[in-house]
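*Asks:* Before we start, here is the structure in question, set down as structure tokens.
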Amino acid sequence: MSTVTLQTRLPEDVAPFCAAMGQLYGSVTHALFVALQRGKVLTDLKREYQARFRINARQFNAMATEVQGMIRSAQECRAVQIEQLSGRIASAEKGLRAWERQAAKLTRERAALRTARVTKYRANKHGQRQPCLRADETLAAVVRAEANKIDFNLHQQRRRLETLRLRLAHLEQSPLSVAFGRKKLWHAQFTLEENGYADHRTWLAEWQERRSSQFFLLGSGDETVGCQVCQLRPEGTLRVRVPDALANEYRQYVEIPGIRFAYGQEIVDAALALHAQPRARVAGEKRDTHAHGKPALSYRFLRKDGVWYVHLSPERVDPPIISRRVRGALGVGLNADTVAWAACDGEGNLARHGLIRTPVRDRSEQRIAATYGDACVRIVAAAQALGVPVVCEKLDFSKRKQELHERGRRYSRMLSSFAYSRFAGMLASACARSGVELVRVKPPYSRVIGLVKFLNISGLESGGAAALVLARRALGLSERLPDCVTLRVPVDSGRHMWCHWARFKREHTAELRTRHVFFRSKRRPNRAGEVTLDVGGLAAPAGPGYQASGVAV
């Protein structure tokens, strides 16, 4: 089972009630966060806050769960930020050492030019002696300009390194903080005119509205209809328990009719049907929230652009897995602007392949999500038709993103727009909805293996060849080096095959970047069927026992 989040719009007549609930919820959560940060015990705060804010125990539990989740999220985010800053500091130190080596080398060159310089003179049109500009002096001017550039870069690199160290020290020593209402809006008060505010009072009104724009009602599987304080009936009426602090104005309950979800209504109906089934309790049996299989229904009321919405999070029963690895596998490779996929049969032979264009550069988050969502639907539909699992890579770009400052603008722009985690999440959700197994494999050398073994014999492009390697890897098939490669790279049978691919990649990096050079040097059969080795335009017959296909599986 997996949890999904559904959304629908609320009627306008319940906006005042939702606003009052949001203000009460915000006041309690803000005070609870400060109290927990000061080290107070939650059980003592529960009794105090129930009497102070006039709320019941279940409503306090929802607020406490929300605040504890915020604290855990802030702690995890701080740990990630410290790790990223440490990586960026290490990368900056490495870049600083490289600039220092260049400066030392340039200093030696300038010293050599000063000792070797000999000044000559020539007569001008007036018969006067004038210094002659020699080639070494021209070179000295170029070296001086390069030295000025290196000195400037050294200074900026030292400044950046010191800034990162101060930021890391502040992050490690400062107390934990959470901005209720967004940090961006908080900083907008210091530049009111630039952010479109007439005065501080206008900003304060929006800030208070943002801090009270939502409230959360926690559900449980052992409660009536999945939630004690908010219950959705089968006819579409939502019944909300009003806190005692607002009971004088809104009475004990507020009923909101006409609640229907445009997407996922069948999931809600299935959850309500489970709660409608009676269950006979056994004498002496302990109460368990998950023993009877009834899902918990939690509700979040949220205001967006002046309109209130309700989010429901039921548990969805996923369909059974229909894909089988004996039929093969479908590998997926995500690139900067394309998604390539290739399917193989149970023996690892190519069955089908495709290429989906996914231009995401300079696009909004909504368009990126729509583009990746369509691609995932097409990939899962192909895997469902073949009855095979989907295979993707286990990638982590956190370390590479720490080195963006030292890698150049083009690489930084490409990697920053590469939303692999979002694509992987969408692919996992689409597979779960369709009953297709998702397999994650290690990615090392998949692109190199696809380039060497499958690019020129299967009619695939580089992304499709790498996807085929991933699919074969999920089936447990090994990728030995073909004979055309083993002649240039000695193979030790006692080591793992990835060691040989790593050595091949190191020794042929330049050839792999210019693929026409690499394929000219590969062994291939001629028209007579004789296998030859073409290096630099000279063909030589190959030895006996060579496979003309060039692929060893």
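The values are calculated or read from the model by the stated rules, or taken from the named source; none is laboratory data. Computed from a predicted model, the values in this text were never measured in an experiment. FYI the Cβ positions are ideal-geometry reconstructions off the backbone, even for glycines, and counts take in every protein chain you see.
*Asks:* Within the stretch 382-403, identify whether any single residue is at pLDDT below 80, at negative phi and hydrophobic (A, V, I, L, M, F, W, C), and answer yes or no. Walk me through it before giving the result.
*Replies:* Filtering the stretch 382-403 for residues at pLDDT below 80 gives 395-403.
Okay, now just the ones that are also at negative phi, so 395-403.
Adding the requirement that they be hydrophobic (A, V, I, L, M, F, W, C) leaves 395, 397.
The answer is yes, given that some residue of the stretch 382-403 is at pLDDT below 80, at negative phi and hydrophobic (A, V, I, L, M, F, W, C).
*Asks:* Let me ask something additional. Looking only at residues that are assigned to a helix (DSSP H, G or I) and touching a helix residue (DSSP H, G or I) at 6+ places or on another chain (Cβ under 8 Å) in the stretch 384-396, which one is nearest to LEU350 (Cα to Cα)?
*Replies:* Initial filter on the stretch 384-396 (assigned to a helix (DSSP H, G or I)): 384-386.
Add one more test, that the residue is touching a helix residue (DSSP H, G or I) at 6+ places or on another chain (Cβ under 8 Å), and what stays is 384, 386.
Values: GLN384: 17, LEU386: 13 Å.
Residue satisfying both the conditions and the ranking: LEU386.
*Asks:* Under 8 Å between Cβ atoms, at least 6 apart or on separate chains: pull out the pairs that start in the stretch 84-108 with a residue that is at negative phi and end on any residue that is of a type in the set (Ser, Thr, Tyr).
*Replies:* GLN84/SER398; GLY87/SER398
*Asks:* If you don't mind, there's one more thing I want to ask. Return the residues of the stretch 147-181 that are surrounded by 13 or more Cβ atoms within 10 Å (Cβ to Cβ), closer than 13 Å to ARG88 by Cβ and not hydrophobic (A, V, I, L, M, F, W, C); say none if nothing qualifies.
*Replies:* The answer is GLN157, ARG160, ARG165, ARG167.
*Asks:* Looking at GLN7 and the list (1) in a helix (DSSP H, G or I); (2) surrounded by fewer than 17 Cβ atoms within 10 Å (Cβ to Cβ), which single condition is not satisfied?
*Replies:* GLN7 satisfies every listed condition except (1).
*Asks:* State the number of residues belonging to the stretch 419-454 that are more than 10 Å from VAL380 (Cβ to Cβ), modelled with pLDDT of 85 or more and among the charged types (D, E, K, R).
*Replies:* Result for the stretch 419-454: 3.
*Asks:* Here's something else I'd like to know. What are the residues in the stretch 24-57 that are outside any helix (DSSP H, G or I) and within 24 Å of ARG241 (Cα to Cα), if any?
*Replies:* First pass over the stretch 24-57, keeping only residues outside any helix (DSSP H, G or I): 38-41, 54-56.
Residues satisfying the conditions are ARG54, ILE55, ASN56.
*Asks:* Within the stretch 335-345, which residues are surrounded by fewer than 20 Cβ atoms within 10 Å (Cβ to Cβ) and under 14 Å from VAL391 (Cα atoms)? Walk me through how you get there before you give the answer.
*Replies:* Let us first name the residues in the stretch 335-345 that are surrounded by fewer than 20 Cβ atoms within 10 Å (Cβ to Cβ), namely 335-338, 345.
ASP345 - this is the single residue of the stretch 335-345 that is surrounded by fewer than 20 Cβ atoms within 10 Å (Cβ to Cβ) and under 14 Å from VAL391 (Cα atoms).
*Asks:* Check whether at least one residue in the stretch 344-358 is in a helix (DSSP H, G or I), within 20 Å of ALA430 (Cβ to Cβ) and out of contact with any helix residue (DSSP H, G or I) (no Cβ under 6 Å at 6 or more places or on another chain), and report yes or no.
*Replies:* Here is the first cut: in the stretch 344-358, the residues in a helix (DSSP H, G or I) are none.
No.
*Asks:* From the residues in the stretch 429-454 that are part of a loop (DSSP other than H, G, I, E, B) and without any contact (Cβ under 8 Å) to a residue 60 or more places away in the chain, which one is farthest from GLN384 (Cα to Cα)? Write out each step before concluding.
*Replies:* Start the filter on the stretch 429-454 by keeping residues that are part of a loop (DSSP other than H, G, I, E, B), which leaves 435-437, 442-445.
Next cut, without any contact (Cβ under 8 Å) to a residue 60 or more places away in the chain only: 442-444.
Values: LYS442: 23, PRO443: 24, PRO444: 27 Å.
Ranking the candidates gives PRO444 first.
*Asks:* Still on this structure, please answer the following. On the given criteria, is GLY476 in a helix (DSSP H, G or I) and modelled with pLDDT of 80 or more?
*Replies:* Working: in a helix (DSSP H, G or I): no; modelled with pLDDT of 80 or more: yes.
No, not satisfied.
*Asks:* Take the residues in the stretch 203-252 that are surrounded by fewer than 18 Cβ atoms within 10 Å (Cβ to Cβ) and of a type in the set (Ser, Thr, Tyr), then tell me which one is farthest from the chain's Cα centre (by Cα).
*Replies:* Out of the qualifying residues, it is TYR250.
*Asks:* With TYR372, TYR309 as the choices, which residue is of a type outside the set (A, V, I, L, M, F, W, C), in a strand (DSSP E or B) and surrounded by 15 or more Cβ atoms within 10 Å (Cβ to Cβ)? Full working, then the answer.
*Replies:* Numbers: TYR372 fails: in a strand (DSSP E or B).
Only one candidate qualifies: TYR309.
Okay, residues lined up against (1) closer than 27 Å to THR29 by Cβ; (2) in a helix (DSSP H, G or I); (3) in contact (Cβ under 8 Å) with a residue 24 or more places away in the chain:
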site	(1), (2), (3)
HIS155	no, yes, no
ARG159	no, yes, no
LEU166	no, yes, no
LEU171	yes, yes, yes
ALA179	yes, no, no
LYS184	yes, yes, no
ALA188	yes, yes, no
ASN195	yes, no, no
TRP207	yes, yes, yes
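*Asks:* Also, quick follow-up: Just the residues that are free of Cβ contacts under 8 Å to residues at least 60 places away in the same chain and acidic (Asp, Glu), please, taken from the stretch 224-257.
*Replies:* Answer for the stretch 224-257, where residues must be free of Cβ contacts under 8 Å to residues at least 60 places away in the same chain and acidic (Asp, Glu): GLU235, GLU255.
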